[in-house]
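Heads up: the structure comes next, in structure tokens.
Nothing in this text is a laboratory measurement; each read-out follows from the coordinates by a stated rule. Note that this is a predicted model, so its numbers are computed, not measured. No Cβ is skipped: glycine too gets one built from the backbone with ideal geometry, and neighbour counts run over all protein chains shown.
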């Protein structure tokens, strides 16, 4: 698959997706965060728009469950790969940790990540029609409220 040249800036589509606004309209999209632990074993986490915030085109702020394997791996390796797949787009965002804040909440750790490179993967013979999606099982209001609180913490990072 051809990939556009690597850049260290998020495209406008990712900036809009992770702007922390209109979270209720963005329910259902999931994004993969790949990390590696000290033993080199991979860890994958599925994140929502309520756990990712882009303050600018060169940084992403992440909120991870403090007890998760991906959180521990990101603390250890200080590197991660965010995969953003959606209609007509497949981005691989390589990142390095600039700051870890474990004091914001007992449940989540916050990470300020510097974008190292962004690859836009595509094939001239195929169109991406969707990525990983989900449905909230019950009333979405409590989840969206929690996301808003987390995004507020990420904005302040």
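Relative contact order for the chain: 30 percent, from Cα pairs under 8 Å spaced at least 6 residues apart, divided by residue count. With a Förster radius of 30 Å applied to the C-beta separation of residue 16 and residue 96, the computed FRET efficiency comes to 0.80.
Between residue 9 and residue 127, the modelled label-to-label distance comes to 2.8 nm, taking each label 7 Å out from Cα in the direction of the beta carbon.
Against the empirical curve 2.2 N^0.38 Å, the C-alpha radius of gyration of the chain lands at a ratio of 1.00. Spatially, region 39-58 and region 85-157 are offset by 5 Å when compared through their Cα centroids. Neighbour counting of Cβ atoms within 10 Å sorts the residues 132, 52, fewest neighbours leading, into 132, 52.
Restricting the calculation to Cα atoms, region 45-119 yields a radius of gyration followed by a Dmax of 12.0, 38 Å.
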